[in-house]
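Working notes, beginning with the structure itself.
Bear in mind that the values in this text are calculations on the coordinates, not laboratory data. Please read all numbers here as calculations on a predicted model, not as lab measurements. Backbone-built Cβ (ideal geometry, glycine too); neighbour counts: all protein chains shown.
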Amino acid sequence: MLHALINCFKIPELRQRIIFTLALVVVVRIGASIPCPGINPLVLGEFFKQVIDSQDQGSVIGLFNLFSGGALENCAIFSLTIMPYISASIVMQLATGVIPSLGKMVREEGGRQKITQYTRIGTLILCIVQGYLLAVSFENPANIPIFSGIDQVIQRMGPLVPEPGIAFRVMTVITLTAGTMFLMWIGEQVTDKGIGNGISLIITVGIVARLPAALVAGWQVFVPPAGSGREPISPFVLFLLLAFLFAVIASTIALTQALRKVSVQYAKQVRGNRVYGGQTSFLPLKVNYAGVMPIIFANAILLFPASILGFLFPGSPTANKIAAALATGWLHYALYAGMIFFFSYFWVAMVFNPIQIADDMKRHGGFIPGVRPGETTAQFLDFAMTRLTFAGAIFLTVLAVLPMIVQTLLGIPSITAQFFGGTGLLIIVGVMLDTMRQAETYLLQRHYDGFLRKGKIKGRTSVAIGGGSNAISERQIAWLLVIIAVIALAGVVLSLR
């Protein structure tokens with residue numbers, strides 16, 4: 001792999017793209033450290049330090065800070081991150097499947113540009129709304145359930161906003177909106193002139209930026225500093241935890257790339273003196289077709305009531321209890337897992353259209369061996385995708401709940417537990433594989449070795465499911481993931497006892 005990284009800088013075009021991407025990444029990190037005017041960043045920084053030290057499981061605010069790469073902790077101009085753009089993109093993608101006129105626009109020439117423009121307008125609206133709500137939260141953080149405990153910090157260090165008022169709110173909305181729109185522009189520039197998907201890279205950089213702090217917080221749990229009064233944990237537990245981490249990462253890579261290859265044959269067609277078709281191809285059906293979207297939907301739905309209750313009923317004990325129940329505890333775990341499983345099927349039902357795929361295959365003379373074209377093919381694809389989605393939903397549910405389980409069993413801070421699964425790990429794995437795929441394309445075009453000597457990334461090679469004599473079924477790979485997780489967690493529990 002080191003040889004491949006060196007080769008990347010031997011290709012002029014690829015070298016320019018990598019340097020351009022790294023330069024904009026530096027700009028993103030600088031923007032995550034510049035505080036908004038009118039805010040005392042030391043107060044919020046001290047609050048987040050207490051959240052990490054107390055190993056608080058109410059990770060609503062911690063999860064938001066994780067995706068911002070510490071920008072929220074610094075009250076930075078990039079505190080909203082790129083999430084408004086992601087939310088607007090998800091809404092537009094769902095709308096194209098529900099609204100016929102938008103779905104027709106996508107298939108027309110120039111329709112994609114119009115959808116992109118609508119997404120930018122939606123991003124601007126979301127930035128204004130979220131920026132105003134965040135400004136109000138900064139003015140009265142003690143009344144917001146997600147900032148529980150910040151009142152003690154304010155008593156010691158002074159108010160978070162020394163001069164609240166309409167001027168502060170307008171200035172904060174303009175600053176945060178400009179920051180997010182600038183991030184959106186950076187993401188588009190990286191996609192066009194850099195390497196990888198720019199928007200995804202911005203999110204990944206923000207998550208990876210918290211890795212050093214996560215390592216330090218995790219190390220202090222196993223090797224407590226002098227005078228803390230805590231006894232060090234057995235090194236065997238640390239070894240099992242690292243083995244479990246590698247098992248989760250390996251399983252995430254395998255399941256992210258796993259797909260079922262459905263054979264498709266095309267009939268020969270003679271047009272003039274040329275013969276078209278007569279070839280055999282395959283239709284890839286991904287096990288994890290929904291990707292990270294079900295986890296994002298579940299997080300958004302669980303975070304929304306806690307945030308709204310704080311604005312509607314500030315300081316209410318009942319509202320705080322409801323917000324706490326939705327943020328942590330077994331009720332949170334059960335709702336979280338159930339929503340992820342449900343939204344896995346919901347996203348596939350919204351995006352995957354077996355009828356349209358069957359019609360396109362029939363129009364181009366393609367058919368699945370043993371299956372009649374048309375409605376029968378659509379039913380076959382729907383049945384196959386339903387079975388694959390079941391395996392993918394189990395995988396997402398287990399992966400999303402793993403950080404909470406690790407945090408509960410070992411008392412690891414939430415900032416460290418987030419790297420044992422969940423949205424962050426899925427995004428990091430997916431973006432890294434996609435970036436390596438693009439870089440490897442340049443290497444193979446110039447006759448260089450890829451990231452492995454054979455020219456293909458073994459970890460990125462798709463796992464064929466149900467596509468040959470040596471293939472495994474989607475049910476077997478789902479059970480394999482469950483068994484690995486159960487064995488690893490059992491080992492951790494036994495070692496603690």
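Which entries in K193/K362; K261/K362; K104/K362; K114/K362; K193/K286 show an alpha-carbon gap greater than 27 Å?
Details: K193/K362 38 Å; K261/K362 18 Å; K104/K362 20 Å; K114/K362 30 Å; K193/K286 29 Å.
Correct reply: K193/K362; K114/K362; K193/K286.
Derived scalar couplings between HN and Hα for segment 244-258 equal 5, 4, 5, 5, 5, 5, 4, 5, 5, 5, 4, 6, 5, 8, 5 Hz in order, rounded to whole Hz, by the Karplus curve 6.51 cos²θ - 1.76 cosθ + 1.60 (θ = phi - 60°), x for Gly and Pro.
Amide hydrogen proximity for V264: with H placed 1.01 Å from N in the peptide plane, the residues at 5 or more positions away or on another chain lying under 5 Å are S281, F282, L283. Over all other residues within a Cβ to Cβ distance under 11 Å of A358, the charged ones net out to -1, with Lys and Arg as +1 and Asp and Glu as -1. Annotation: amide H of K286 within the under-5 Å range of R260, sequence separation 5 or more or interchain, hydrogens built in the peptide plane. Extension gain for I322-F236 works out to 27.1 nm (0.36 nm per residue, less the C-alpha to C-alpha distance). For the peptides 434-445, 362-373, the ranking by packing is 434-445, 362-373, with the highest mean count of neighbouring Cβ atoms within 10 Å listed first. Each residue of segment 360-375 is assigned a 3J(HN,Hα), and the resulting list reads 5, 4, 5, 5, 9, x, x, 7, 8, x, x, 10, 5, x, x, 5 Hz, derived from the Karplus form 6.51 cos²θ - 1.76 cosθ + 1.60 (θ = phi - 60°), x at Gly and Pro. With the simple model of a label 7 Å out from the Cα in the direction of the Cβ, V26 to L5 spans 1.8 nm. Rounded to the nearest whole Hz, the Karplus-based 3J(HN,Hα) values (6.51 cos²θ - 1.76 cosθ + 1.60, θ = phi - 60°) of segment 97-110 follow the sequence x, 9, 8, x, 5, 5, x, 5, 5, 4, 7, 8, 6, x, with x at glycine and proline.
Amide H contacts of A76: C36, each under 5 Å away and 5 or more positions distant or on a separate chain (H built 1.01 Å from N in the peptide plane; Pro and chain starts excluded). Each part reduced to its alpha carbon centroid, segment 100-131 and segment 176-203 end up 17 Å apart.
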